[in-house]
Amino acid sequence: MKFFADTAEIEPIKELAATGLLDGVTTNPSLIHKSGRDFMEVTKEICGIVDGPVSAEVVALDHETMMKEAEVLRKIADNVCIKVPLTIDGLKTCKALTDDGTMVNVTLCFSANQALLAAKAGATFVSPFVGRHDDNGFDGMDLIRDIRLIYDNYLYDTEILVASVRHTTHVLESAKIGADVMTAPPKVIMALVNHVLTDKGIEGFLKDWKATGQSII
Ligand code: E4P
């Protein structure tokens, strides 16, 4: 499963990229606002740090303006992935852009039928929001299971990009279901490494190693 960082903050992106575990980045207008940075500048900077897709979201609601915004965004770098909302105009824009060889992430997906439409529109990625789904009394993971089943039934190439990930269990469940990608805040990705027995094991080994009086270098 590919790991994308869901942030527009440069330092955590650099830190994750240095681990070799980072496959891409997703941003949205709220994350850009939180970063306090200029959209174009920060997107360009992120695209220079990671080789993989960097999602940059349009804010227009109509197809024509979405296409104009996408034209500006895709000039930022070759690895920009245009993010469009799951609306009829967003799907029209998705079809036009992917037909032209541009990567598209169809976002704000909350139903399996919406994901079916995104695949039919040729989306590179579809972003079902599991955390927001959970917040509203649904099971976000049921949505991922349904989308996986439908995409496998018809061999759609669209990658399931699990978004709105809030904790490490979301990551585990996404991997068990066979989601292609998950995007999470850097702190959730970093937390995947934590295990009390790993810490305890290191402590024990170091204590015994010290007692040998040896050194490796
Ligand atoms: C990423 O593509 C989404 O915009 C993001 O995961 C949404 O996360 P949130 O529900 O925590 O805002």
Equivalent ellipsoid dimensions for segment 60-159 as semi-axes, Å, which come from the Cα gyration tensor, largest first | 24, 15, 11
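Using 0.36 nm times the number of residues separating Leu21 and Ala77, minus their current alpha carbon distance, what extension gain do you get?
18.0 nm
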Length-normalised contact order for the chain - Cα pairs under 8 Å, 6+ apart - percent = 17 percent
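Taking the square root of 5 times each eigenvalue of the Cα gyration tensor, what semi-axes in Å does the equivalent ellipsoid of segment 91-217 have, largest first?
Working: eigenvalues 331, 57, 29 Å².
So the equivalent ellipsoid measures 41, 17, 12 Å along its semi-axes.
What relative contact order, as a whole-number percentage, does segment 36-117 give when Cα pairs under 8 Å and 6 or more residues apart are counted?
Values: 102 pairs, mean separation 20.6, N = 82.
Value for segment 36-117: 25 percent.
How much of the accessible area of the chain, in percent, comes from carbon and sulfur atoms when a 1.4 Å probe is used? Working shown, then result.
Values: 6510 of 11550 Å².
Of all accessible area on the chain, carbon and sulfur atoms account for 56 percent.
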Among 160-171, 31-42, 120-131, how do they line up from the highest to the lowest mean number of other beta-carbon atoms within 10 Å?
-> 120-131, 160-171, 31-42
Computed label-point distance, nm, for sites Asp142 and Asp99 using a 7 Å Cα→Cβ extension = 3.7 nm
For the pair Lys34 and Tyr154, the simple spin-label estimate (label points 7 Å beyond Cα toward Cβ) gives in nm 3.3 nm
Solvent-free Debye scattering, log10 I(q)/I(0), computed from the Cα coordinates of segment 16-66 at q = 0.13, 0.22, 0.32 Å⁻¹ | -0.36, -0.86, -1.21
Expected unfolding gain across Thr168-Asn194 under the 0.36 nm per residue rule, minus the alpha-carbon gap, is 8.4 nm
Quick one: grab Rg to one decimal and Dmax as a whole number for the chain, Cα atoms only, in Å.
-> 19.5, 71
Tilt, helix 196-212 to longest principal axis of the chain (alpha-carbon atoms), in degrees rounded to tens, equals 30 degrees
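Filter Lys34/Lys95; Lys14/Lys44; Lys2/Lys34; Lys83/Lys120 down to the pairs with a C-alpha to C-alpha distance above 19 Å, please. Don't jump to the answer; show the numbers that get you there.
On the way: Lys34/Lys95 30 Å; Lys14/Lys44 14 Å; Lys2/Lys34 25 Å; Lys83/Lys120 16 Å.
Lys34/Lys95; Lys2/Lys34, as the Cα separations exceed 19 Å there.
The values are calculated or read from the model by the stated rules, or taken from the named source; none is laboratory data. Please read these numbers as outputs of a predicted model, since none were measured by experiment. Neighbour counts are summed over all protein chains in view; Cβ atoms, including those assigned to glycine, are modelled from backbone coordinates with ideal geometry. Each accessible area value is taken on the protein alone, full model and side chains, heavy atoms only, with ligands, DNA and RNA left out. Shrake-Rupley method; radii C 1.70, N 1.55, O 1.52, S 1.80 Å.
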